[in-house]
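What follows is a single structure, written as structure tokens, with notes after it.
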Amino acid sequence: MTDAEEQNTELRVLLKMVTAKDAVMVTRLLARSGISAESCADAAALAAEMTAGAGAVVIAEEVLADLGFGRVMLALRAQPPWSDLPVIVVARSGVDSIAITEAVEQLANLTVLERPMRASSLVSSVRTALAARKRQHQLRATLEGLHEADQRKTEFLATLAHELRNPLAPLRTGLTILSKMGPSPEKAQSLYAMMERQLTHMVRLIDDLMEVSRITRGKIELQPATVALDRVVLDAVEVSKPLFVAAGQELMLDLQCAPCTVHGDVVRLTQVFANLLNNASKYTPPNGRILVAMRADDSTVQVQVTDSGIGIPPHMLDNVFDMFVQVSGTSRAAQGGLGIGLTLVRSLVELHGGRVHATSGGAGSGTTMTVELPLAPAIAAATEPASPAVTHDVAGGHRIFVVDDNRDAADSLAHLLGLMGASTSVAYGGREALAAMSANPPTIAFIDIGMPVMDGYELASRIRATHSLAGAVLVALTGWGQANDKERIMAAGFDHHLLKPADIHELARVLQTIE
């Protein structure tokens with residue numbers, strides 16, 4: 001059903017008069033006033049049509065005594081909270097009947113018109129009822145919008161908590177090792193470097209939040225100059241290059257219209273294209289391809305970032321730039337970031353007088369992000385953006401496997417567990433972990449939940465289904481800590497759940513419960 005057809009159904013008038021002749025007369029009367037009306041054969045048919053949608057119901061008093069009118073009452077009582085379908089009863093003249101009295105008591109939105117009546121009275125009453133019904137639909141749209149926004153906000157806050165806990169975990173572990181374990185100077189230096197990386201990641205997350213806040217409140221000021229857009233794109237490529245190298249992805253540049261000049265803030269424009277490139281890399285599998293192409297016409301320049309990644313469902317294309325919107329499932333998309341990068345992109349592009357849009361053939365067919373900016377007549381040199389008390393044997397005798405796609409978190413936790421007496425191994429993904437565990441079964445496995453490709457839930461289920469691994473104790477160590485997350489974690493086969501960042505005492509407490 002099209003939107004127009006649905007709207008017509010929701011605002012149609014349903015009739016059940018005493019005779020077919022009366023129904024035809026009322027239908028024609030309403031039609032002359034531009035009101036769509038449909039006559040129903042009996043009360044049961046009326047109830048069935050009401051469930052499909054209606055703007056108002058007009059019935060004769062005699063219908064109240066119909067055996068099928070009970071279904072009409074059930075349909076009225078089953079309305080959602082926003083709905084109060086108007087009912088107009090055309091009553092016999094004289095004293096109110098028992099049926100009319102009961103209807104008045106049971107129906108809040110009821111109008112009674114006495115026969116004989118003026119045609120204008122009926123038309124006026126129906127128009128008033130339909131106007132009220134339209135306001136109800138407006139209220140529904142508002143409530144649904146508020147509910148959707150609230151749901152997005154809840155998901156965003158959960159993701160924010162997860163992403164902030166991820167760097168906190170290796171930071172806390174590193175501090176524990178430095179303060180309690182007395183590592184060698186060489187090992188201490190590697191821990192300091194790891195902690196610096198994680199702090200930098202946290203700063204970037206918080207900076208993104210502050211940027212969105214400043215933009216939405218109109219507090220951001222551009223420092224515009226005439227800049228060469230090809231130079232900006234190349235600077236953004238340098239920022240994002242480590243992601244492509246790490247994933248083995250092929251990056252291709254097609255900047256045929258260079259040099260193209262725009263009037264803009266070089267730092268903010270670099271931020272725009274770096275965000276798009278980071279997004280393309282994040283949602284493109286290893287060994288995939290990303291193409292950056294630039295074209296210009298008489299007044300605008302277009303930069304397209306095309307990837308061979310997971311794609312975007314058609315119904316999400318108009319929403320991916322909205323605040324709190326993430327396309328993929330939370331655990332599989334947990335590769336860093338808060339899902340606000342595209343919101344920043346759209347806001348910054350619009351501040352430059354341009355626009356950005358997404359196109360995709362759907363799941364598995366990749367995505368193209370297109371930025372359009374107005375051309376400037378001349379070029380000026382663009383400046384580069386600034387670069388930004390536990391015993392040592394509490395885990396003795398255990399073979400412990402640590403699985404986390406955050407390498408620093410996995411390595412630091414494995415190091416800490418090793419200092420606590422365990423023999424440790426590390427894997428950075430579910431598939432890698434399953435293969436390694438099958439070859440050398442552990443007694444304990446610490447598993448992160450939010451991993452791409454194979455998340456922690458799936459890994460735990462496969463471990464439990466593998467006979468040689470059935471005796472392993474599984475500990476979920478994750479940033480997801482809401483009540484439903486814990487229930488799902490335990491249902492997947494985990495024995496323990498620790499919230500990131502777990503300190504050494506929490507680890508010791510769990511280890512001491514395992515024989």
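Once mean projected area of the Cα convex hull in nm² is calculated for the structure shown, the corresponding label among [x] 25.2; [y] 24.0; [z] 34.8 turns out to be [z]. Select from ALA492, GLN79, ILE463 the residue farthest towards the positive end of the dipole of the chain; place +1 on Cβ of Lys and Arg, -1 on Cβ of Asp and Glu, and compute about the Cα centre. The Cα lying farthest towards the positive end belongs to GLN79. The alpha carbon centroids of the range 467-508 and the range 425-440 are separated by 17 Å.
What the chain shows is 49 Å² of accessible area per residue, with the surface traced by a 1.4 Å probe over protein heavy atoms.
Could you tell me what percent of the accessible area of the chain is made up of carbon and sulfur, with a 1.4 Å probe and every protein chain present?
Details: 13560 of 25450 Å².
Answer for the chain is 53 percent, counting heavy atoms of protein chains only.
Calculated [222 nm] ellipticity per residue, helices only, for the chain: -15000 deg cm²/dmol; basis is -39500 (n - 2.57) per DSSP H run with n ≥ 4, divided by all residues, nearest 500. What you get for the chain, charging only the Cβ of Lys and Arg (+1) and of Asp and Glu (-1), is a dipole of about 460 debye around the Cα centre. Spin-label model, GLU432/SER121: points 7 Å from Cα along the beta carbon direction are separated by 8.2 nm. With a/c under 1.5 counting as rounded, go ahead and sort the range 452-515 into rounded, prolate or oblate using the C-alpha gyration tensor (a ≥ b ≥ c being the square roots of the eigenvalues; past the cut-off, prolate if a/b is larger than b/c, else oblate). Oblate is the answer for the range 452-515, as a/c is 1.5 or above yet b/c matches or exceeds a/b.
Calculate, in nm to one decimal, what HIS357 and GLU105 gain on full extension: separation in residues at 0.36 nm each, minus their alpha carbon distance. Present the calculation step by step, with values, prior to reporting the outcome.
Values: separation 252, 0.36 × 252 = 90.72 nm, distance 5.43 nm.
Fully extending the segment from HIS357 to GLU105 adds 85.3 nm.
Most simply put, the chain has about 40% antiparallel DSSP beta bridges, counting only bridges with both residues inside it.
Rounded, prolate or oblate, given the Cα gyration tensor of the range 4-69, with a/c below 1.5 counting as rounded? Verdict is oblate for the range 4-69.
The values are calculated or read from the model by the stated rules, or taken from the named source; none is laboratory data. It should be emphasised that the depicted structure is a prediction, and the values quoted were computed from it without experimental measurement. For neighbour counting, all protein chains shown are included, and Cβ atoms are generated from backbone atoms with ideal geometry for every residue, glycine included. Side chains are part of the model used for accessible areas, which takes the heavy atoms of the whole protein and leaves out ligands, DNA and RNA. Shrake-Rupley method; radii C 1.70, N 1.55, O 1.52, S 1.80 Å.
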